[in-house]
Amino acid sequence: MHLLGPLFLLLEYLAFSNSLKWNLEHPATLYAWEGACVWIPCRYTIPGDGMVLENLTVYQNYVFDDKTKDYSGTILYEKTKSQRPVPQGRVKFLGDNKSNCTLHIHPVKAQDSGTLGLRMTSSKSVKWMEEIVLNVSETAPPPRIEVPPEIWEFQKVTLTCLLNFACFEHQIKLLWSLEGSHQLPSDLSTSLTTQTVFTQSKLTFQPRWTHHGKNLTCQVWNDAADRPLSQETVWLDVKHRPKLEVSPKEANVTVDDPVTMTCQVISSNPEYQTLSWLKDGAPIREQETLQREQKTLKLTLPKVTKRMSGKYHCEARNDLGSSTSDVVLLQVRYAPEPSRVQIFPSPAKEGYRVKLTCISQANPPPTNYTWYHNNVKVWEGTDETFQIPQVLHMHAGDYSCLAENSLGLGKVDQKAELDVQYSPKEVTMVIQNPTPIREGDSVTLSCNYTSSNPSVTRYEWSPQGSWKELVPGVLTIQKVAWNAMPFTCAACNLWCSWAPPVNLQVQCECPRDVKVLMINPSFEIHSGHAVLLRCNFSSSRPTDVHFFGEKNGIFLKEGRELSFGSISPEDAGSYSCVASNSIGQSTSKAWELPVLYAPRRLRVSISPKDSVMEGKEAVLTCESDANPPTSHYTWFDWNNQNLHHNHRTLRLDPVKVQHSGAYSCQGSNRLGVDRSPPSTLTVYYSPQTISRRVALGLGLCLVILFLAFLGVKFQRSWKRIQSQQGPQENSSGQSFFVRNNKIRRAPLPEGLQSLGCYNPVMEDSISYATLRFPAGETDTPRIGDAGTPEVHRPSLNRDNTVTYSVVQKRPAGDYENVIPDAPEDDGIHYSELVHLGVGERPLRQEGVEYVTLKH
């Protein structure tokens, strides 16, 4: 039993101590150096509700005293509830009594390195000791550089420079520098959280092979210092393909001279595996010309030929791939090779430009050219081309050239022939007949020329006719006419050359040069003008000449002159005249007589026909006769309205029924205007339209019949109503305002029955009683419409009051004033008419009550 007490106390302590565990967040270790500062970000949570921090003591290298059961050590900072915190100079508490326990030490000293203890007490005397390690060195520690596992050339890479230090009152910078270059730009960032405290700089760049093997340094700088506080350096291992260098860059050698080209591997990571020379992209297999040394391959050509000219380069390969060096251009110098001549164009057309080019391979290029024509020197110059601006047939022949450079004079390889082509030269036409030539004789003509290149292949003659060429170049004309035109011929190869015309000079005594002359008028002929034509000729032997006029080949009249008093369009045509003498006759050329007139005979033609079904197409065409032709058209409808359409055709597509009517057109030219008679276009309905209109007409008829039926029925009802109201309308009287009294009428005894008379007017309708007061004072009473006696209308001067029973609903029977067996319906209304007697009737209030009649 005695052991259970302490056991319970121990369990209670353990439970209580676990429930009172504080939760603090801060970096486990902080780094600094002499003269810098330490910023300790810290956050805490006190167990329990409503507790706050009351006491805080910061120890340096604290120890626990078993005797006092408390901690002891150098106190850097102390804060109690009872008194304000004592300033400790270098140590500042930047937190609060709820959750923030951040501390700041500035400046920090090397002896501050060690363990800091935060002794914290809450408002309920709950205590806690928290340990923080402080690492303070005499100088700034070097940063740490993080490098990727592999760095490749031209592939972007990021390196990180990290220092486990950050303090707001001691700002630092991390600067990058590469061996042999200036400072590199980077991105600086700082972290001051309860988890991490550091300053880092990230360097992103694209490495090159020249960076391989160089040192990359990250330095720690402070603005107050003039030198770096610390630094860290790494060696860059940049993977790259082999880098090559060749020499010489360019080689100019003379034929049979030696030349050596060197290829050196200046860098390769990893090391290169193969190294070779190539010429114009093809590997050089001649091993005797290759000499290998360490990272060097020499190519030696002991005796250079011009075939060795070309582009040389070397190629190396490692595990990353192959690389190619710059090109070495090997130029072998030699004297010009045997030359040849190129002619453009060939063959050449006489009169055109010809360009001759001397082709001769040489290095350096030829600087002088000598040209020969049929072995005769014709030109010398520095240009490889020789031009003839206008080549002639005399320039034809063999051409050659000699090229020369600084190494010597070349030779002639082959000559080129210049073929100059031209049309036949000096073409003439010769008459082989003896002269003189008489009309009707046969004439032989010959076409001659002196030279031609290429040869003549055909002949042409002018004028052309029905005669034939018996042999090439010889033409025979049968029965030559007296007025035969001059003849000429052409000799043709690729081109034709014409001979000068030759006049046959046919001898004839018949009239010559017969032609039609217009004597009057001297300007253009309009319809209605007076016109005079005359047949004229140049000569005739004998002089006795007869004339005949023709129109379109038809004889008109005999005589030299043809006159028109008032010419008409029908007189236009082709006119000619025939002049004859005793030897023969001559006919003039046909002469066209033009007659100008305004539009006439206008008419409107309708296509496809005058009657068109709606929805189709109708084309109206304005046809006219005019010279010059009609230039402007105007269309009119049946109302003589201008349709503002100026074309010859009027197209209606689709045509509608509304388009039916008479159309006319008007045409004009510069001489006048005319209008056509109207032409009627008829557009008839389509079957679909007819069906719709018939259906609409039938519907209208049905509506009219229905309305007539309703009218008749209404008229009968009206007459019946009029007949029922006739007696009431015949009674003359005055209207009265009546006060409406609704009462419940007590039933009469069964034995008592009212007697009444049958009133046919009261059948199936509401009966009205008309009360009338005559003008006199002693009018005779008469029976009213409802069977009640009419009473004398009192004078306004009489002082009496009369009460009248006015109207009651007719019982179920056909008689009035007969009380039914059943009680009266509550809806029966009775009215009293009250006469106020003699004297002025008092004014009634504006509210007027009316009789309510209810059936």
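The values are calculated or read from the model by the stated rules, or taken from the named source; none is laboratory data. Remember, predicted model here, so these are calculated numbers, not experimental data. Note that each Cβ is placed from the backbone with ideal geometry, even for glycine, and that neighbours are counted across all protein chains shown.
Overview of values
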read-out	value
Meets criteria (surrounded by fewer than 17 Cβ atoms within 10 Å (Cβ to Cβ) and either acidic (Asp, Glu) or in a loop (DSSP other than H, G, I, E, B) (or both)) for Phe165	no
Qualifying positions in segment 269-281 - of a type in the set (S, T, N, Q) and either outside the structural domain of Met308 (by TED's automatic domain parsing) or touching a Phe, Trp or Tyr at 6+ places or on another chain (Cβ under 9 Å) (or both)	Asn269
Residue in segment 667-678 that is under 51 Å from the mean Cα position of the chain (by Cα), hydroxyl-bearing (Ser, Thr, Tyr) and either assigned by TED's automatic domain parsing to the domain that holds Thr649 or assigned to a strand (DSSP E or B) (or both) present	yes
Of residues in segment 220-270 being more than 58 Å from the chain's Cα centre (by Cα) and acidic (Asp, Glu), the one surrounded by the fewest Cβ atoms within 10 Å (Cβ to Cβ)	Asp226
Total residues in segment 316-343, condition assigned to a strand (DSSP E or B) and either without any contact (Cβ under 8 Å) to a residue 60 or more places away in the chain or at positive phi (or both)	1
Looking only at segment 117-162, and only at residues there that are in contact with a helix residue (DSSP H, G or I) (Cβ under 6 Å, 6 or more places away or on another chain) and not in a strand (DSSP E or B), the one that is surrounded by the fewest Cβ atoms within 10 Å (Cβ to Cβ)	Glu138
Test: residue in segment 28-44 that is loosely packed, with under 10 Cβ neighbours inside 10 Å, aliphatic (A, V, I, L, M) and at pLDDT below 95	yes
Residue in segment 171-182 that is assigned to a strand (DSSP E or B), among the aromatic types (Phe, Trp, Tyr) and crowded, with 17+ Cβ neighbours inside 10 Å present	yes
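Matching residues to (1) outside the structural domain of Glu232 (by TED's automatic domain parsing); (2) farther than 30 Å from Asn55 by Cβ:
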{"position": "Gln111", "(1), (2)": "yes, no"}
{"position": "Gly117", "(1), (2)": "yes, no"}
{"position": "Val157", "(1), (2)": "no, yes"}
{"position": "Cys161", "(1), (2)": "no, yes"}
{"position": "Phe168", "(1), (2)": "no, no"}
